[in-house]
1. Can you tell me which residue in the stretch 158-197 is nearest to residue 261 (Cα to Cα), limited to those that are outside any helix (DSSP H, G or I) and in contact with a strand residue (DSSP E or B) (Cβ under 8 Å, 6 or more places away or on another chain)?
2. Within the stretch 210-221, which residues are in contact (Cβ under 8 Å) with a residue 12 or more places away in the chain and in a helix (DSSP H, G or I)?
3. Identify all residues within the stretch 61-75 that are surrounded by fewer than 21 Cβ atoms within 10 Å (Cβ to Cβ) and closer than 24 Å to residue 325 by Cα; write none if there are none.
4. Go through the stretch 1-37 and give me each residue that's part of a helix (DSSP H, G or I) and under 18 Å from residue 281 (Cα atoms).
5. Out of the stretch 263-282, which residues are in contact with a helix residue (DSSP H, G or I) (Cβ under 7 Å, 6 or more places away or on another chain) and either closer than 30 Å to residue 15 by Cα or free of Cβ contacts under 8 Å to residues at least 40 places away in the same chain (or both)?
6. For the stretch 323-343, give me each residue that is farther than 15 Å from residue 23 by Cα and surrounded by 24 or more Cβ atoms within 10 Å (Cβ to Cβ).
7. Go through the residues of the stretch 192-215 one by one and say whether even a single one is over 27 Å from residue 115 (Cα atoms), modelled with pLDDT of 95 or more and either assigned by TED's automatic domain parsing to the domain that holds residue 173 or out of contact with any helix residue (DSSP H, G or I) (no Cβ under 9 Å at 6 or more places or on another chain) (or both).
8. One residue is enough: does the stretch 372-379 have a residue meeting the conditions within 13 Å of residue 319 (Cβ to Cβ) and at pLDDT 95 or above?
């Protein structure tokens, strides 16, 4: 029905960051080729015969090139602008599932990722016992059923990535300053499985999701704070497909809530120079959360952050979503460089983000542009933590 609904307006291809940076992906052509394939194979399918044309592989009318499928960042920009509500991204993920689970065909650099996720429940294959090392010098308590209100689900980046650990610590300071009852799972925490699902490895995602849900239920978890928008989306929206409902909240939303309730007091005078804000696709278009990060930054600095040319629902992806964080970007120009250049146009001193993927992509972009000594990248939580009364 989606393929027949397409009005060929081209809005999706204009909004797509992969298409914009000269990748082989064009969302409009994906929809066109699915329709062409159906038209070609329709007579045979109606007669219960083998289809004449494969949907994936050819890269011509009615057959979609594999490189086009792997270029997608699942940013939802195409779906946001479509006037007839076509769902391009789910179709791409379904085709990735076919490649991974039926054909065992995927970019070679994903082999280590899949193995690490399956064996050690994190992208790098680090020992699970290291998950709580970030809290070694902090008075962090484990989650206790009936005693602790919120589970702080730290996530893989917040637990293992050196830069993101600083964000994790900033969040703990904010929670303590506001008197929030929270705890962690420590070494028992597992990856939420976001990248696995986006990359088409549904089998391992399904196993991890079921294990996480069982652990949450066994421990009496009902409210979850997340550091990463990808974890937030997965725990809030996708685990619901398993018949459970967790009250997940991203840290920027919780900070906004605590400020509104008067539980969190800030000095409001943090000087970061000129700030510019980047919208995370998984926080924004996936969950319609745009104002919370802006409210938090304004409360901490006393000034609203500047906006990039493409912002809010028309924001431009950092390039790491859809599992692209773990893939080389060898075709076209780099999406993170395009976005970094856009941020630098406003001559900022600080780029504000709310996602560890965005943090990494901007940090790399600034290094590539030789601007890392002049411009810093900070998470909203780090900015708010700087504004806590001494």
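1. Our first condition is that a residue be outside any helix (DSSP H, G or I); within the stretch 158-197, this holds for 161, 178-185, 189-193.
This time we only want the ones that are in contact with a strand residue (DSSP E or B) (Cβ under 8 Å, 6 or more places away or on another chain), so: 180-185, 189, 192.
Details: 180: 12, 181: 15, 182: 18, 183: 21, 184: 24, 185: 27, 189: 30, 192: 30 Å.
Of everything passing the filter in the stretch 158-197, 180 is nearest to residue 261 (Cα to Cα).
2. Let us first name the residues in the stretch 210-221 that are in contact (Cβ under 8 Å) with a residue 12 or more places away in the chain, namely 210-213, 215-217, 219-221.
Within the stretch 210-221, 210, 211, 212, 213, 215, 216, 217, 219 qualify.
3. As a first pass, look at the stretch 61-75 and keep what is surrounded by fewer than 21 Cβ atoms within 10 Å (Cβ to Cβ): 61-63, 65-67.
Within the stretch 61-75, 65, 66, 67 qualify.
4. Looking only at the stretch 1-37, we keep the residues that are part of a helix (DSSP H, G or I), and these are 2-5, 11-15, 17-20, 27-37.
Selection gives 11, 12, 13, 14, 15, 17, 18, 19, 20, 27.
5. The first filter runs over the stretch 263-282 and keeps only residues in contact with a helix residue (DSSP H, G or I) (Cβ under 7 Å, 6 or more places away or on another chain), leaving 264, 266, 268, 270, 272, 275-280, 282.
The answer is 275, 276, 277, 278, 279, 280, 282.
6. If we filter the stretch 323-343 for residues that are farther than 15 Å from residue 23 by Cα, which is where we start, we get 323, 325-326, 339-343.
If the condition is that a residue be farther than 15 Å from residue 23 by Cα and surrounded by 24 or more Cβ atoms within 10 Å (Cβ to Cβ), then 323, 339, 340, 343 are the ones that fit.
7. Step one: list which residues in the stretch 192-215 are over 27 Å from residue 115 (Cα atoms), which gives none.
No: the stretch 192-215 contains no residue that is over 27 Å from residue 115 (Cα atoms), modelled with pLDDT of 95 or more and either assigned by TED's automatic domain parsing to the domain that holds residue 173 or out of contact with any helix residue (DSSP H, G or I) (no Cβ under 9 Å at 6 or more places or on another chain) (or both).
8. No, the stretch 372-379 contains no residue that is within 13 Å of residue 319 (Cβ to Cβ) and at pLDDT 95 or above.
The values are calculated or read from the model by the stated rules, or taken from the named source; none is laboratory data. In this text the structure is predicted, and so the values were computed from the model without any measurement. All Cβ positions, glycine included, derive from the backbone under ideal geometry; neighbour counts span all protein chains shown.
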